[in-house]
Amino acid sequence: MGISASQTYRYFRTLASAGYISAYTTGRYVLGPAIIELDRKLRIGDPMIHAARSIMREMLSTAPSASIAILCRYFRGQVMCVHEEFETYQHHEISYERGQPRPLYQGAASKVILANLPLRQARAYFNHAPDKFNQFGLGANWTEVKRSLRELRSQPAIITAGELGTSASGISAPIYDDKRVLGSVSLVLPITVATEEVTSFLMPVVAAAGQEMTSKMQHLAQLQK
């Protein structure tokens with residue numbers, strides 16, 4: 001990192017004294033208990049999570065058993081799950097487990113955010129990983145990708161199946177504040193029960209959840225002005 005050994009030691013002593021890192025053997029460190037404390041404060045104090053809890057539970061009450069409701073944020077060019085609601089946790093091979101970042105081109109919770117970003121941002125992500133965009137059905141060139149994003153953006157909610165492992169299907173809707181997409185709210189279903197009848201019933205439920213979350217976040221944004 002281009003810093004001296006003495007400065008490095010000072011940083012480590014400061015981080016360790018604050019509890020952000022913790023030595024488990026001489027010279028070896030892991031993240032410390034202060035990170036856990038911060039995570040708890042985030043879960044309690046984040047207005048987006050606070051606004052979403054009841055909406056997600058209501059959404060989940062309409063879904064098949066073993067479904068999971070997830071809340072995701074757009075974060076540093078990726079999508080991160082920040083909250084989950086479930087009655088019986090269903091493990092999938094690949095998931096949006098809380099704290100696990102996912103790319104913008106894979107899965108409903110990501111694609112619905114990507115589709116609602118400004119085109120110049122979406123194009124930059126496409127230029128960085130064109131093969132992945134094509135692999136996950138968004139298009140082989142920018143013209144095709146732009147057309148796909150426009151189509152996804154026109155839908156109140158979108159659905160994907162088998163993109164995050166073969167066992168899950170996702171239905172997602174975007175969340176906005178005043179001007180920009182913040183994240184998404186989704187239902188993740190076992191793919192074995194995600195029939196056309198079930199997904200057709202749940203898509204407007206998820207879309208309504210996204211609209212309600214957007215209304216709440218817009219209200220919070222107005223209060224901060």
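The values are calculated or read from the model by the stated rules, or taken from the named source; none is laboratory data. Everything numeric in this text was worked out from a predicted model, so none of it was measured. Here the Cβ positions follow ideal geometry from the backbone for every residue, glycine too, while neighbour counts run over all protein chains shown. Accessible surface areas use protein heavy atoms only, side chains included; no ligands, DNA or RNA. Shrake-Rupley method; radii C 1.70, N 1.55, O 1.52, S 1.80 Å.
Each Lys and Arg adds +1 at its Cβ and each Asp and Glu adds -1 at its Cβ; summed about the Cα centre, the stretch 1-137 shows a dipole of about 560 debye.
Measuring nothing but how far apart in sequence close Cα pairs (under 8 Å, 6+ apart) lie, relative to its length, the chain scores a relative contact order of 18 percent. Normalised radius of gyration (Cα atoms, divided by 2.2 N^0.38 Å) for the stretch 1-124: 1.38.
If I ignore ligands, DNA and RNA and count only protein heavy atoms, how much of LYS132 is accessible to a 1.4 Å probe, in Å² to the nearest 10? My reading of the accessible area for LYS132 is about 80 Å².
Restriction of the trypsin sites (Lys or Arg not before Pro) in the stretch 20-54 to DSSP coil positions whose beta-carbon has at most 16 other beta-carbons within 10 angstrom yields no sites.
Where the centre of each part is set by its Cα atoms, how far does the stretch 28-89 sit from the stretch 123-143, in angstrom? Centre-to-centre distance over Cα atoms comes out at 29 Å.
Extending 7 Å from the Cα toward the beta-carbon at both GLU97 and TYR11 defines two label points whose distance is 2.8 nm. Only lysine pairs 8 or more places apart, or on different chains, with alpha-carbon atoms under 20 angstrom apart are counted in the chain, and they number 7. Taken one residue at a time, the phi angles of the stretch 208-215 give Karplus couplings (6.51, -1.76, 1.60, θ = phi - 60°) of 5, 5, x, 5, 5, 5, 4, 4 Hz. Gly and Pro are set to x. Fully extending the segment from ILE36 to ALA208, taken as 0.36 nm per residue of separation minus the present Cα-Cα distance, adds 58.6 nm. Relative to the longest principal axis of the chain, what angle (0 to 90°, nearest 10) does the C-alpha long axis of helix 33-45 take? Here the helix axis deviates by roughly 40 degrees. Considering only LEU138, ALA161, GLY107, and ranking their Cα positions along the charge dipole of the stretch 92-225 that arises from unit charges at the beta-carbon of Lys, Arg, Asp and Glu, the one farthest toward the positive end is LEU138.
Normalized C-alpha radius of gyration of the stretch 116-225, against 2.2 N^0.38 Å? Expressed relative to 2.2 N^0.38 Å, the Cα Rg reads 1.18. Rolling a 1.4 Å probe over the heavy atoms of the protein chains gives the chain an accessible area of 56 Å² per residue.
For the stretch 27-126, the set of chymotrypsin sites (Phe, Trp or Tyr not before Pro) satisfying both a DSSP loop assignment and a count of at most 15 other C-beta atoms within 10 Å is given as TYR89. Quick one: with all protein chains in place, what share of the accessible area of the stretch 39-145 is carbon or sulfur, to the nearest percent (1.4 Å probe)? In the stretch 39-145, the share of accessible area belonging to carbon and sulfur is 48 percent. Which entry is the computed Rg/Rh (Cα atoms, Kirkwood Rh) for this structure: (i) 0.92; (ii) 0.95; (iii) 1.04? Here the calculated entry is (iii). Largest first, the residues ASP178, ASP131, ASP46 sort by 1.4 Å accessible area into ASP131, ASP178, ASP46.
Rounded to whole numbers, the Karplus 3J(HN,Hα) couplings from phi for the stretch 142-154 are 5, 4, 5, 5, 4, 5, 5, 5, 4, 5, 5, 5, 6 Hz, using 6.51 cos²θ - 1.76 cosθ + 1.60 with θ = phi - 60°, and x at Gly and Pro. Helix 5-17 and the longest principal axis of the Cα set of the chain meet at an angle near 70°.
Solvent-accessible area of the stretch 165-212 (1.4 angstrom probe, protein heavy atoms only): carbon and sulfur portion equals 59 percent.
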